[in-house]
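Data first, discussion second: the structure below is written as structure tokens.
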Amino acid sequence: MTFTSDTAAEEARAWLDEEARDSAVPMVRLAARYRLPEAWHIPVRLWNWLLLRKPWSMWISSHTIGLEAAATYGGPGNQAWVEMNLGEAYRQSGDYGRAENHVTQALTLRRRIGNRQGQAWCLEALGFIAADRRDTPLAHSYFSQALDAFRQTGDAHGEAVARCSLAEADGLLGNMAESQAGFKQGLYLHRGMGDLFGEGMLWERRAHLHQQHGELVQAVECLNRSAECHSQGGNDWGRAAAHDLRAQLLVKLSRWEEARKACERAWELFDRLGDPRAARLQDRLLEWHQAEEPSVTDRPQE
């Protein structure tokens, strides 16, 4: 199915929201039963939608079936592709051990077949895992290797991602001149490609760096830009995460009304997406509402 209208991206997302969430795993299972390549083609081709919607159970189940099929009759290149996607699902859902195992296996396979561009993405993914574990020196090393490989293979998108990742790591290590230059170059590349998802992540990384340095006003400004990019790009998860962190920082700045509105936006989005963070935000909103209610002793006497 091909969408060709001016709203093709929105139509495709809506169709996938309706059709893929419940039907993808049965289709993958059926394809694997008959030893068809669709057993791994279907899950890996859903990559962009999975990044935006993050249906964890469906993402992991479809790729687990696809991985077994690719390892059995698909060849090392296809197996590596599925290993990478499955590793990212585990990383984003917080299972760093499994994430590292799958990405390391993908890197081994891609080195075996000489896929330099694929190796670059594996190195970038290992950098993400190290960064999530707060091992900044190791993350910096992986991001540096990934950037070199992306530039050698002419992968502009990969270069943009790696430059931003490396810029954040540089900033955390105190290399501020390199950090600023990296973010500037990454922004230029993302905007040149019209990559709203990537630009939204760039502003989120800059916000985290400002937060680590105690620059909360600048962090909030970056999160405003991140939320706007994710809104334009249809990334509700990214937009919700940006508003969630905005609310937390605005509280620290005593900007209470702005914090409440940001919290409400984050709660609405996470609730719609079925994210467990919605419960935490709902509790916070309830506490604020109760704190605003006048007590019995505050009411005027009749």
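Nothing in this text is a laboratory measurement; each read-out follows from the coordinates by a stated rule. Treat the numbers as computed from the prediction; the structure is a model and nothing was measured. For neighbour counting, all protein chains shown are included, and Cβ atoms are generated from backbone atoms with ideal geometry for every residue, glycine included.
What to note about this one:
- At q = 0.11, 0.12, 0.17 Å⁻¹, base-10 log of I(q)/I(0) for the range 20-114 (Debye sum, equal scatterers on each alpha carbon): -0.27, -0.32, -0.66
- Relative contact order (percent, whole number), the range 20-114, Cα cutoff 8 Å, 6+ residue spacing: 24
- GNM top mover of GLU88, GLU168, GLU287 - the chain, alpha-carbon springs below 10 Å: GLU287
- Dipole magnitude of the range 18-63 about its Cα centre (Cβ charges: Lys, Arg +1; Asp, Glu -1), debye to nearest 20: 160
- Relative contact order of the range 214-264, pairs being alpha-carbon contacts under 8 Å that are 6 or more residues apart, as %: 32
- One decimal place: the segment SER93-TRP15 gains 25.6 nm when fully extended, by the rule 0.36 nm per residue minus the C-alpha distance.
- D_trans [Stokes-Einstein, Kirkwood Rh over alpha-carbon pairs] for the range 197-285, 20 °C, 1.002 mPa s, µm² s⁻¹: 170
- In a DSSP loop and with at most 11 other Cβ atoms within 10 Å, the trypsin sites (Lys or Arg not before Pro) in the range 113-150 are ARG134.
- When you restrict to C-alpha pairs under 8 Å that are six or more residues apart and normalise by the size of the range 195-288, the relative contact order lands at 21 percent.
- Cβ-placed point charges (K, R +1; D, E -1), dipole of the range 195-288 about Cα centre in debye, nearest 20: 180
- Student exercise, the chain dipole from Lys, Arg, Asp, Glu Cβ charges, in Debye to nearest 20: 1000
- The per residue volume of the convex hull around the alpha-carbon atoms of the range 80-140 is 62 Å³.
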